[in-house]
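The values are calculated or read from the model by the stated rules, or taken from the named source; none is laboratory data. This is a predicted model, so every value here is computed, not measured. Methodologically, a virtual Cβ is constructed for each residue, glycine included, from the backbone with ideal geometry; neighbour enumeration extends over all protein chains shown. Areas reflect the complete protein model, heavy atoms only, side chains present, ligands, DNA and RNA absent. Shrake-Rupley method; radii C 1.70, N 1.55, O 1.52, S 1.80 Å.
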Amino acid sequence: MRDFQATQQAVMSHPQSVKEIELKLRVAPKAIRRLAGCHLLRGTGRPLSHRLRSIYYDTPALDLLRQRIALRTRRENGAWVQTVKGEGTVLAGLHERAESEATVTGPEPDLSRIEDSVLGAALKRPGIRDELRPVFVTDIRRSRRLLKCADGTIIEASIDHGMIRSGDRVEPVAELELELKSGERAQLYELALKLQEALPLALENRSKAERGYALQGMHEESPVKAQAAALDPEMSVSDAFKAVMSANLAHLHANERGTLAGTDPEYLHQMRVALRRLRSALGVFSPPVAESKAEPLARQLKWLASRLGPARDWDVFVSDTLPPIESEFGAHGELRAFGARCSELRRGANANARRAVRSRRYQRLVLRLAAWIDAEGWQLSAQAPEAGALQAPVAEFAARVLEKRYQQARKRGRRLAKRSPAELHRLRIAIKKFRYATDFFASLYPGKTARETLRRLGELQDILGAMNDAATVAGLMTQGFRGARGKRVLEAKGILLGWSRGRAVLLKQRLKGAWKAFRAAERFW
């Protein structure tokens, strides 16, 4: 306990620039007492509990928000402490960022006390000091303790309970922060997984600053699309795999809140895309990433995909497929009744998808996957040939993978005009696999050729995807017309099938041109 207080006093006395590594977990407010009493959080001394009232500052033009910087002052242990935090990285609740702390004389910021040169430079625009204004406050009761793991790793566990306030707007805060003070990062994940077995904890990607800006309406959320990992030709295969998986996991988690809100179906679509990219990456890098190492996680990813898939199918059908049909044949009573039933089925499928994302199984999946990526679990107990392949330069590996995927796609597309719906489905899968591999490795190949290949693959995938959507109409009809009989029902079914088959014919004509352009494209690898 004396060591803990001495560390805090050192921070108070001298400006410090450090790299903060912490795992954030949300907890239901009603579970705060259970969390505080959990035996896994019994530290080396009595918990230190105090109130933290922080004031966050920015300019009227939100210069700090645009630079992804948070500036606050906080009354702590009888002194005012100023903290500046940079953007850093966030992966499945693990926040890693630069942080500069120093004492100041009062609640007003003192930019001269910023030790970190990068953070300080971002705040040196002429006049910015005079423009800073309070934008929101946090009022938190924090209970923190130091935990010492068996391997000597030291973790500071802080239970925060309180609120973020901006004018009349208030958002409650109930979370656990596990900050690495020294030792191994893996211990953060290990402790979090043990805590999840006892308590309903969820990963939290947003900082209090982000939540404060969102409360004011200054930080608008929107569906997040995939961002390709930046790879270097000198990278090892293992490092490239880690970068690709990290980017895909970040994509998945970034769309979680929007999916749960249920206001925009694009969030769920992006979660499905992230899942496909995660599963594709396991295939692209296997071998040398052994299937046995990835299989438990792959099985859980498949489970999640099965829960999100029906919701996306109904979203596309109700939002894209049905409207033009209803516009043309809207007077048909059975077709209107079918549309109403489909909307009901869509709501049910989306509720099931949100239930899966809200589940403890999902939260454990994301945390386990993050831990596996961070610890490079695919390298554990790797045999000599496999280990050597993992450390080989990624550029050579990428060229082999791309050539293989390219040839598979070419093979599936031969005699395209004579391909059956089932064969076109297999072509769609081959194109999708080649596109994901191309996207993963495109940063290794500067120039326009790789981007042009991605564009042509995207066009092919869109056409084949639309053809697949048309092919699913029969299955969705079975659910939408369940229990309905009569001549008018048969007429409505005929309208839907005729429309979808006509659309498939038109799409197949477009497919010929897109396939010809793809075949004519120059290899970039």
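Given N residues in the chain, what is its alpha carbon radius of gyration divided by 2.2 N^0.38 Å?
The value comes to 1.13.
For residue 150, what is the net charge nearby, where nearby means another residue's Cβ is under 15 Å from its Cβ and Lys, Arg count +1, Asp, Glu -1?
Value of the local net charge: 0.
Could you give the nm distance between label points at residue 340 and residue 193, where each point is 7 Å from its Cα heading toward the beta carbon?
5.1
Roughly what would the spin-label model give for residue 168 and residue 151, points 7 Å off Cα along C-beta, in nm?
5.2
Net charge near residue 43, counting Lys/Arg +1 and Asp/Glu -1 over other residues with Cβ under 11 Å of its Cβ?
Net charge in that neighbourhood comes out at +4.
Could you pull the accessible area for residue 99 with a 1.4 Å probe, rounded to 10 Å²?
20
Karplus couplings for region 488-503 from phi (6.51 cos²θ - 1.76 cosθ + 1.60, θ = phi - 60°), rounded to Hz, Gly and Pro as x?
Running phi through 6.51 cos²θ - 1.76 cosθ + 1.60 with θ = phi - 60° gives 5, 5, 4, 5, 5, 4, x, 4, 5, 5, x, 5, 5, 6, x, 5 Hz.
Compare the Cα positions of 297, 274, 258 along the charge dipole of region 197-340 (+1 at Cβ of Lys, Arg; -1 at Cβ of Asp, Glu; about the Cα centre) and return the one farthest towards the positive end.
297
Normalised by the residues of the chain, what does the relative contact order come to in percent, with Cα pairs under 8 Å and at least six apart?
13
Would you please give the residues with an amide H less than 5 Å from that of residue 181, counting only those at least 5 places away or on a separate chain, with H modeled from the backbone geometry?
Counting only residues 5 or more places away or on other chains, the set is 154, 155, 156.
Using Cα-Cα distances under 8 Å and only pairs 6 or more residues apart, what relative contact order does region 225-350 have, in percent?
20
If you bin every alpha carbon distance in region 427-525 into 10 Å steps from zero, what whole percent lands in each bin?
For region 427-525, the pair-distance distribution reads 14, 35, 22, 16, 9, 3, 0.
Angle, helix 265-284 long axis vs. longest principal axis of the chain, Cα atoms, 0 to 90°, nearest 10?
Helix 265-284 sits roughly 90 degrees off the main axis of the chain.
Protein chains only, probe 1.4 Å: how do 177, 210 rank by accessible area, largest first?
So the residues, ranked largest to smallest area, are 210, 177.
For residue 263 and residue 520, FRET efficiency with R0 = 45 Å and r from the beta-carbon atoms, rounded to 0.05?
Efficiency for this residue pair is about 0.60.
May I ask for the net charge around residue 474, where only other residues with Cβ less than 15 Å from the Cβ of residue 474 are counted and Lys, Arg are +1 while Asp, Glu are -1?
Net charge around residue 474: +2.
Name all residues of region 359-393 having a backbone nitrogen under 14 Å from the label point set 7 Å from the Cα of residue 89 along its Cα→Cβ direction, giving them as ranges.
Those under the cut-off are 370-376.
For the chain, give the percent of accessible area contributed by carbon and sulfur heavy atoms, probe 1.4 Å, rounded to a whole number.
After summing per-atom areas, the C and S share lands at 50 percent.
I need the trypsin sites (Lys or Arg not before Pro) found in region 113-143, filtered to DSSP loop residues with at most 11 other beta carbons within 10 Å of theirs.
Here the sparse-neighbourhood loop sites are 124.
What size of dipole, in debye to the nearest 20, comes out for the chain about its Cα centre when the only charges are +1 on Lys and Arg C-beta atoms and -1 on Asp and Glu C-beta atoms?
2620
Suppose R0 equals 41 Å. What FRET efficiency, 1/(1 + (r/R0)^6) with r the Cβ-Cβ distance, do residue 399 and residue 462 give to the nearest 0.05?
Efficiency for this residue pair is about 0.95.
Of the options 32, 398, 173, report the single residue whose Cα projects farthest towards the positive end of the charge dipole of the chain (beta-carbon charges: Lys, Arg +1; Asp, Glu -1).
398
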